[in-house]
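The next block holds one structure in the form of structure tokens; read it before the comments.
The values are calculated or read from the model by the stated rules, or taken from the named source; none is laboratory data. These numbers were taken from a predicted model, which means no experiment stands behind them. FYI the Cβ positions are ideal-geometry reconstructions off the backbone, even for glycines, and counts take in every protein chain you see. Accessible surface areas use protein heavy atoms only, side chains included; no ligands, DNA or RNA. Shrake-Rupley method; radii C 1.70, N 1.55, O 1.52, S 1.80 Å.
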Amino acid sequence: MVSKFTKPFILLVLLALLSACGSNSSANAPTTAPAPTTAPAPTTAPAPTTAPAPTTAPVVVPTTQPASTVEPILPATVTDYQGETVVIESVERIVSLSGDITEIIFALGMGDNIVGVDISATYPADKVKALPSIGYQRRLNAEGILSLNPTLVIGTESAGPPEVLAQVRTAGIPIALTAAPPTLESPIQKILFVARALGIPQRGYELAGQVEADIARARAEASSLTRQPRVLFLYLRGTDVQQVAGANTSIDAMITAAGGINAGAEAGIVNYAPLSAEVVIAAQPDVILVLTKGLESVGGIDGLLSIPGLADTPAGQQRRVIDFDDLYLNGMGPRTGQALADLVAAFRNAVAQTEGS
């Protein structure tokens, strides 16, 4: 039998145990879940920060690069086409001696530093129109160049005459001239040279890589042509200048890379030769290729086909005449890969027409 003192004691013990259990459960509960030592594997792959470029999409070469991304490292040193070392201390005021070099400078993001250009500079049109002209790169004038107070004069091996360049050098202005071979390596070579001269070699590597990729894509497209069209390139300046492009020319490099046969080179012409009836008869082109300004100078397609012999060729009979902007097709600059792709497309259309006729 339980005594009257025992029951109260048991109740007190039970109450003490219950109180202790409640207190321990509250103290042991963490306020936040501990972070795992490694992140859990996601159920789906994370999205890339940038979408991969499609293999067939053209790489568009920018007209200019943002100025904030271009920080010249000076002094810069380059070796010109004659093997001479040129040291450039400042690129604040640049005189560019040719259209291709001007276009490259803009594509590298340094266009705002240009203070003078030659008459072959046509791109980017809105920028170069506002710049002073120094005349034509092969017929330069020292006084015109020096009047612009340049810190750098830059161009290609075509610049001259030599005595004018010597006069500019005597005035203490560095002149950097790059080789300009008539090959598809020329754009890359010129871009890298200009970038080094401007103290931005890394940007040169980037731009050269883009252009090289453009050219490679266009050449791959050219390899799929079902037939090689025979192409006659004519350099025209009215009735006074009418020439055919042969081997060892940038036009020859463009025609062959685009999948065509340069009829001028096949006829044995090297560099340029006067247009003649004999050349036309031997060429028998499927396509006549001209520069836009040249075509305009002879009165368009009708004027072109009035030149003796051209109307009787396969190209003339079908009025298959292709024209491109001068600097775009013949400049060997940053847009060369895009121009080559356009030329491949034009040749493809010409082939389709010849096969359908």
Rounded FRET efficiency, nearest 0.05, which uses the C-beta distance separating Ala282 from Ile73 and R0 of 45 Å:
0.25
Report, by chain and number, residues whose modeled amide H sits under 5 Å from the one on Arg93, excluding near sequence neighbours (fewer than 5 apart, same chain).
Thr151, Leu152
Label zone at Thr239 (point 7 Å along Cα-to-Cβ), backbone N below 19 Å, the stretch 286-328:
294-311
I'd like the trypsin sites (Lys or Arg not before Pro) in the stretch 67-144 restricted to DSSP loop residues with at most 16 other Cβ atoms within 10 Å, sorted by number.
Arg93, Lys129, Arg138, Arg139
Dimensions (Å) - the stretch 145-199, Cα atoms, principal axes, largest first
35, 25, 14
Can you tell me how much longer the chain between Glu296 and Thr226 gets when fully stretched, taken as 0.36 nm per residue apart minus their C-alpha distance, in nm with one decimal?
22.0 nm
Work out how much length Tyr136 to Ala179 would gain on full extension: take 0.36 nm times their residue separation and subtract the Cα-Cα distance, in nm to one decimal.
13.7 nm
Neighbour-limited loop hits for GluC sites (Glu not before Pro), the stretch 105-179 (at most 16 other Cβ within 10 Å; DSSP other than H, G, I, E, B)
Glu157
Å² of accessible area per residue within the stretch 76-190, as computed with a 1.4 Å probe and no ligands counted
41 Å²
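Could you give the length gained on full extension between Gln317 and Ala125, defined as 0.36 nm per residue of separation minus the Cα-Cα distance, in nm?
Working: separation 192, 0.36 × 192 = 69.12 nm, distance 3.54 nm.
Answer, rounded to one decimal: 65.6 nm.
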Can you list the trypsin sites (Lys or Arg not before Pro) in the stretch 267-357 that are in a DSSP coil and have 14 or fewer other beta carbons within 10 angstrom?
Arg319
